[in-house]
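Engineer: Let me begin by handing over the structure; questions about it come next.
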Amino acid sequence: MQHQRILIIGAGFAGVWSALAAKRLINLSTGDGSSSATAIEVVVVAPEEELVIRPRLLEASPEKMTVPLGDIFRKTGIRFVKGTVGTIHTTQREVEVMLADGTSQSTIKYDRLILAAGSRLIRPEIPGFDQYAFNVDQMPDAIKLDSHLKKLASLPSSSARNTVVVCGGGFTGIEIAGDLPTRLRSIMGSAVNVRVILVDTGKEVASALGPGPRPVIAKGLKDLGVEVKLETAVRSIDSGGVTTSTGERIEALTTIWTAGMAATGLTEQVNGEKDKAGRLHVDPYLRVPSSPGVFATGDAAYAATDRHGNFSMMSCQHALYLGRVSGHNAVAELLNIDQVEYYQERYTSCLDLGPRGAVFTKGWERRVEYTGLMAKAIKKYICTVLIYPPANQSEALEAAKPITSEPAMTIMDILYVIRFLIPLSLGL
């Protein structure tokens with residue numbers, strides 16, 4: 001019997017759920033007596049056998065924000081290859097992998113490829129950026145920033161030591177700016193005059209997030225003491241601060257860059273139309289139309305979420321569902337059975353605004369539903385419960401069922417949120 005292989009590049013949210021969804025359908029088909037399903041192998045290639053909880057890398061101790069995958073992969077029969085994909089040959093249906101030792105290469109053939117290698121921070125050509133700018137894009141970057149912040153306490157107090165410049169007023173920039181005042185005081189002492197400055201080129205704070213949550217965000221940043229400099233770009237960065245487009249010099253030992261994301265560079269090796277972020281256009285089944293045998297998912301995919309002109313965002317909210325659909329459909333295509341369309345009409349966002357605040361919105365127009373402690377409890381539930389995969393094998397496979405429409409919050413969800421809300425309301 002000829003074996004077939006589904007090769008998944010990436011072990012982020014989309015990659016993990018692609019693998020689990022693929023194994024789920026293989027198991028179901030095997031139970032129905034399909035001999036061809038038993039011959040389908042699921043292989044995941046990634047630098048580490050762990051899921052990095054990227055939305056939490058802005059927090060202290062980011063090295064703790066991972067989920068080991070070895071146990072669940074072994075129990076579900078998913079093969080893991082530790083390495084980095086350098087080249088994709090879509091015509092030959094194979095990829096070249098640099099293995100973990102850094103010197104050995106391996107060529108892995110595939111019958112279906114799922115590109116789930118995520119996204120990366122755009123690194124601008126600004127003088128001093130590579131040498132002096134911090135970020136929270138990947139685990140090593142976040143650990144570097146966390147270590148730097150902790151070392152500030154050992155330096156003599158000065159305006160530059162006590163000042164952090166956050167570049168970019170998008171989702172990540174606002175969340176890290178909201179987290180820093182409390183975090184810095186816990187490091188340097190509550191009496192220290194901490195200064196956090198958010199620099200953004202937009203005309204309004206949170207310009208990309210729309211008018212709905214903007215007043216809540218603006219008030220939240222003001223209450224936290226975060227200074228916001230609008231219509232301002234960073235022209236250069238050095239060891240002692242930044243120079244802006246207005247000619248202002250801001251003395252700061254810490255500059256954090258959060259502006260701009262692009263899809264994995266591997267999308268350039270796949271023939272197909274791409275959006276401005278480099279994401280591959282996919283059909284409703286998450287296939288790349290001009291590259292037979294290739295699926296794109298997560299941050300690598302530009303996928304319609306509904307029939308109203310909305311498309312997936314580079315977020316775990318969409319990656320969780322895109323992964324389930326891509327993994328399912330890769331197996332379905334090999335078995336020549338019906339595939340499912342990706343459909344995720346419900347859109348929500350929950351932006352953190354410091355220790356006791358957040359803003360939760362619904363719909364693409366971002367209607368504000370909850371603020372303050374209730375929104376904070378929802379945010380905590382999302383980041384510490386909802387986006388984590390089940391550790392139990394059977395629960396993980398059952399959860400990998402492709403979902404084509406998102407349900408509203410369940411009773412269990414609400415109970416979890418209430419559990420988080422009580423200690424928050426008590427200031428714990």
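The values are calculated or read from the model by the stated rules, or taken from the named source; none is laboratory data. Predicted model only: the values in this text are computed from it and were never measured. Note that each Cβ is placed from the backbone with ideal geometry, even for glycine, and that neighbours are counted across all protein chains shown. Areas reflect the complete protein model, heavy atoms only, side chains present, ligands, DNA and RNA absent. Shrake-Rupley method; radii C 1.70, N 1.55, O 1.52, S 1.80 Å.
Engineer: Report the relative contact order of the range 50-180, percent, no decimals, based on alpha-carbon pairs under 8 angstrom and at least 6 residues apart.
Structural biologist: Once normalised by length, the contact order is 20 percent.
Engineer: Moving on to the next point. Using the Karplus curve 6.51 cos²θ - 1.76 cosθ + 1.60 with θ = phi - 60°, what ³J(HN,Hα) values do you get for each residue of the range 224-232, in whole Hz, with x for Gly and Pro?
Structural biologist: 7, x, 7, 7, 10, 10, 9, 6, 9
Engineer: Under 5 Å between amide hydrogens, which residues at least 5 positions from GLU345 or on another chain qualify, with H placed 1.01 Å from N in the peptide plane?
Structural biologist: Those qualifying (amide H under 5 Å, at least 5 residues apart or on another chain) are GLU406.
Engineer: Semi-axes, largest first, in whole Å: what does sqrt of 5 times each Cα gyration tensor eigenvalue give for the range 67-217?
Structural biologist: After diagonalising the Cα gyration tensor, the semi-axes are 40, 21, 17 Å.
Engineer: Taking K and R as +1 and D and E as -1, what net charge do the other residues with C-beta under 12 Å from the C-beta of ALA21 add up to?
Structural biologist: After counting each charged neighbour, the total is +3.
Engineer: Taking the Cα centre of the chain as the origin, how large is its charge dipole in debye, to the nearest 20, when only Lys and Arg (+1) and Asp and Glu (-1) carry charge on their Cβ atoms?
Structural biologist: 880
Engineer: Once the piece of chain linking VAL385 and LYS75 is laid out straight, how much longer is it, given 0.36 nm per residue of separation minus the C-alpha distance between them?
Structural biologist: 109.4 nm
Engineer: Let me ask you something else. How do 39-51, 202-214, 171-183 rank on mean C-beta neighbours within 10 Å, highest first?
Structural biologist: 171-183, 39-51, 202-214
Engineer: LYS64: which lysines have alpha carbons under 23 Å from its alpha carbon, excluding same-chain residues fewer than 8 sequence positions away?
Structural biologist: LYS82, LYS144, LYS150, LYS151, LYS376, LYS379, LYS380
Engineer: Determine the share of the range 13-168's accessible area contributed by carbon and sulfur atoms, expressed in whole percent, with a 1.4 angstrom probe.
Structural biologist: Taking all protein chains in place, the range 13-168 shows 50 percent carbon and sulfur surface.
Engineer: Sorting LEU397, LEU415 by accessible area (1.4 Å probe), largest first, what list results?
Structural biologist: Descending order: LEU415, LEU397.
Engineer: Can you pull the one-decimal nm distance between simple spin-label points at GLU395 and ASP283, each 7 Å off the Cα toward Cβ?
Structural biologist: Roughly 3.7 nm, to one decimal.
Engineer: Enumerate the amide H contacts of VAL81 below 5 Å, restricted to partners 5 or more residues apart or on another chain; note that Pro and chain-start residues carry no placed amide H.
Structural biologist: VAL44, VAL45, ALA46
Engineer: Working with all protein chains in place, sort THR163, THR84 by solvent-accessible area computed with a 1.4 Å probe, largest first.
Structural biologist: Sorted by accessible area, descending: THR84, THR163.
Engineer: Compute the relative contact order of the chain as a whole-number percentage, counting only Cα pairs closer than 8 Å that sit 6 or more residues apart in sequence.
Structural biologist: 18
Engineer: Using θ = phi - 60° and the Karplus form 6.51 cos²θ - 1.76 cosθ + 1.60, what ³J(HN,Hα) does each residue of the range 126-139 get, whole Hz, x for Gly and Pro?
Structural biologist: Running phi through 6.51 cos²θ - 1.76 cosθ + 1.60 with θ = phi - 60° gives 10, x, x, 4, 5, 7, 10, 8, 9, 7, 10, 6, 10, 3 Hz.
Engineer: Looking only at Cα atoms, what is the convex hull volume of the range 272-326 per residue, in Å³?
Structural biologist: Roughly 71 Å³ of hull volume per residue.
Engineer: Can you give the three extents of the C-alpha atoms in the range 1-157 along their principal axes, from longest to shortest, in whole Å?
Structural biologist: Computed over the range 1-157, the largest-to-smallest principal extents equal 71, 31, 25 Å.
Engineer: Moving on. What full-extension length gain, to one decimal in nm, is calculated for SER207 and ARG346 as 0.36 nm per residue of separation minus the Cα-Cα distance?
Structural biologist: In short, 47.8 nm is gained.
Engineer: May I ask for the net charge around LEU230, where only other residues with Cβ less than 10 Å from the Cβ of LEU230 are counted and Lys, Arg are +1 while Asp, Glu are -1?
Structural biologist: It works out to a net charge of -1.
Engineer: While we're here: How big is the range 244-376 along each principal axis, measuring the range of its Cα positions in Å and listing the largest first?
Structural biologist: 60, 37, 24
Engineer: What is the sum of charges around LYS109, taking Lys and Arg as +1, Asp and Glu as -1, for the other residues whose C-beta is under 15 Å from the C-beta of LYS109?
Structural biologist: It works out to a net charge of 0.
Engineer: When averaged across all projection directions, what area in nm² does the alpha-carbon convex hull of the range 187-282 cover?
Structural biologist: Average projection, Cα convex hull of the range 187-282: 9.6 nm².
Engineer: I've got another one for you. What does the C-alpha gyration tensor say about the overall shape of the range 157-216? Classify as rounded when a/c is under 1.5, otherwise prolate if a/b is larger than b/c, or oblate.
Structural biologist: prolate
Engineer: Report, by chain and number, residues whose modeled amide H sits under 5 Å from the one on LEU198, excluding near sequence neighbours (fewer than 5 apart, same chain).
Structural biologist: VAL166, GLU227, VAL228, LYS229
Engineer: If you don't mind, there's one more thing I want to ask. Using the Karplus equation 6.51 cos²θ - 1.76 cosθ + 1.60 (θ = phi - 60°), what ³J(HN,Hα) coupling, rounded to whole Hz, does each residue of the range 321-333 give in order, writing x for Gly and Pro?
Structural biologist: Each residue's phi maps through the Karplus curve to give 8, 4, x, 4, 6, 5, x, 4, 6, 4, 5, 4, 5 Hz.
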